[in-house]
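Student: Take a look at the following structure, please.
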Amino acid sequence: MEEQKENRPLHNVGCEEDELCRTLMNVVELSDGVKERSQPEDQGICCTKSSAGDFSDPVYKEIAFANGCVNRMSKDELKAKLTELKLDTRGVKDVLKKRLKNYYKKQKLKEPSDSSYYDYICVIDFEATCEDSNTPDYIHEIIEFPIVLINTKTLEIEDTFQRYVRPEMKPQLSEFCINLTGITQEIVDKADTFPVVLQSVVDWMRQKELGTKFKYAILTDGSWDMCKFLNMQCRISRIKFPRFAKKWINIRKCYGNFYKVPRNQTKLTIMLEKLGMRYDGRLHCGLDDSKNIARIAIRMLQDGCELRVNERMHAGQLMTVSSSLPFEGAAIPHNPQFKN
């Protein structure tokens, strides 16, 4: 609801930059090394320290040279190389450069897959009651609870969930809200209240074995869905904030940091456009929004981005989660707990 809210060296170690450029993207065999991330993402390097405190292994020099070659490529040259490598050629020039650099980095470092990474990512994008001009103290009630389940191994949308919610404080939807979301008064009148819908969410997540057999994380388009809409709704319904939703991946932050773009270029439709995609479906339909956010997340994973939890709720306040922390999945879904 947008309006309301980055071993073994090659044999030719001493070759010059031009030679490296000519051999750019050749697949090489690298021995296993001890991986430690510390180099800035904008260099396209996820580094492996060969000894404590330095990056003396010649492979890093080769990667740096290769990144320089990528930076000098025209958009047509980038597309030609990506086509040759059977990689996606959609997106603006900076996206294509990032994609090529990450492919080259992975081939050089031969990084093993991280078994600690999430098995699934649940994309959630609520729709809530709204007016044409909301006052700062306007009370939003969730009217659509969608989830899109991304399998991080297959990089596909595996399943979806959608339930509408009947608002209780202001049961009558505004014309603005109906026109914006496409959710009619008849739909919400027939829907269950939030506690009942939340129980359905928990049952669905349990059926998928999220938090038990499979490690998972929640992903949202911004901070509002959890710290604003869900937080407010739980207060209205007098239930405790669900533990599985207390931390999440804010894809806007991930996208901005990974592709090095300013905050004003991280709106849903702009992210899709920069990645060479178009919005599919009806804008502000919660399920369609979630599906399109999932498409962005999948594209970022394919480009080499590690989507990791970067925000959480603590004592009712929004807080940032450090990217240096280990991957930590969301909690096991529990039944809604009512407040006394």
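Student: Check each of the chymotrypsin sites (Phe, Trp or Tyr not before Pro) in the range 257-333 and keep only those in coil by DSSP with at most 13 other C-beta atoms within 10 angstrom; list them in order.
Tutor: Those that pass, being in a loop and sparsely packed, number zero.
Student: Accessible area of the range 127-239 with a 1.4 Å probe: how many percent of it is carbon plus sulfur?
Tutor: Summing carbon and sulfur atoms, their accessible area is 48 percent of the total for the range 127-239.
Student: In the range 147-232, what GluC sites (Glu not before Pro) fall in a loop by DSSP, with at most 13 other Cβ atoms inside 10 Å?
Tutor: E168, E209
Student: List the residues whose amide H sits under 5 Å from the amide H of G91, counting only those 5 or more places along or on another chain, with H placed 1.01 Å from N in the peptide plane.
Tutor: Here the answer is G276, since their amide H atoms fall under 5 Å of that of G91.
Student: Could I ask something else about it? Take the range 164-311, compute every pairwise Cα distance, and split them into 10 Å bins from 0; I just need the percent in each bin.
Tutor: Histogramming the range 164-311 at 10 Å steps yields 10, 33, 37, 19, 1 percent.
Student: As an exercise, take the mean of 1/r over every pair of distinct alpha carbons in the range 102-256, invert it, and state the Kirkwood radius in angstroms.
Tutor: So the Kirkwood estimate lands at 17.2 Å.
Student: Take the Cα radius of gyration of the range 88-148 and divide it by 2.2 N^0.38 Å, with N its residue count; two decimals is plenty.
Tutor: Cα-based Rg divided by the globular estimate yields 1.94.
Student: Can you list the trypsin sites (Lys or Arg not before Pro) in the range 256-339 that are in a DSSP coil and have 10 or fewer other beta carbons within 10 angstrom?
Tutor: Those that pass, being in a loop and sparsely packed, are R278, K339.
The values are calculated or read from the model by the stated rules, or taken from the named source; none is laboratory data. The structure displayed is predicted, hence computed values, not measured ones. Glycine gets a Cβ as well: all are built from the backbone with ideal geometry, and neighbour counts include every protein chain shown. To get the accessible areas, we keep the full protein, side chains included, count just its heavy atoms, and leave off ligands, DNA and RNA. Shrake-Rupley method; radii C 1.70, N 1.55, O 1.52, S 1.80 Å.
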